[in-house]
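Every number here is computed from the coordinates shown, using simple stated rules; none is lab data. Keep in mind that what you see is a predicted model, and the values were worked out from it rather than measured. Every residue, glycine among them, receives a Cβ derived from its backbone with ideal geometry; neighbour counts consider all protein chains shown.
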Amino acid sequence: MSDVKWRKSSFSTDGANCVELAVTDGISIHIRESDEPEAVIRTSPAALGVLIGAIKAGRLDHTL
C-alpha cells in the first residue's frame, strides 16, 4: 500500500496521534493511525459518514 496517498486533517500537527485517510479505488476509504501505519481498516464512504454523524451528534460520548 505504498502508492496510496494518505491525508490527515490540516488541524493535525507534525506530532503523532493523527488519523489518516486514503481513497484507494474510488469507492473504498482506508483509515489508519499515524503511530501504527501498518494497521489499516477499510470502509465505505457511507459507513464513514454514519460514524462521523454519530460522533458529531454526541451519540458515542458515553460508550467507554
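Which trypsin sites (Lys or Arg not before Pro) in segment 7-64 pass both tests, a DSSP loop state and at most 16 other beta-carbon atoms within 10 Å?
Sparse-neighbourhood loop trypsin sites (Lys or Arg not before Pro): R59.
What is the sum of charges around H30, taking Lys and Arg as +1, Asp and Glu as -1, for the other residues whose C-beta is under 9 Å from the C-beta of H30? Write out the running numbers ahead of the final one.
Numbers: positive: R32, R42; negative: E20.
Net charge around H30: +1.
Compute the distance in nm between two label points, each set 7 Å from the Cα along the Cα-to-Cβ direction, one at S12 and one at S34.
Between S12 and S34, the simple spin-label model gives 0.5 nm.
Return the label of the correct value of P(r) over Cα pairs in 5 Å bins from 0, in percent, as calculated from the structure shown, out of (i) 3, 16, 22, 23, 23, 10, 3, 0; (ii) 4, 17, 23, 23, 20, 10, 3, 0, 0; (iii) 4, 20, 30, 25, 12, 5, 3, 2, 0.
Only one listed value fits the structure, namely (i).
Explain nothing, just compute: Karplus ³J(HN,Hα) = 6.51 cos²θ - 1.76 cosθ + 1.60, θ = phi - 60°, for every residue of segment 24-40 in order, whole Hz, x for Gly and Pro.
Coupling constants for segment 24-40: 9, 10, x, 10, 10, 10, 9, 10, 8, 9, 4, 6, 10, x, 7, 8, 10 Hz.
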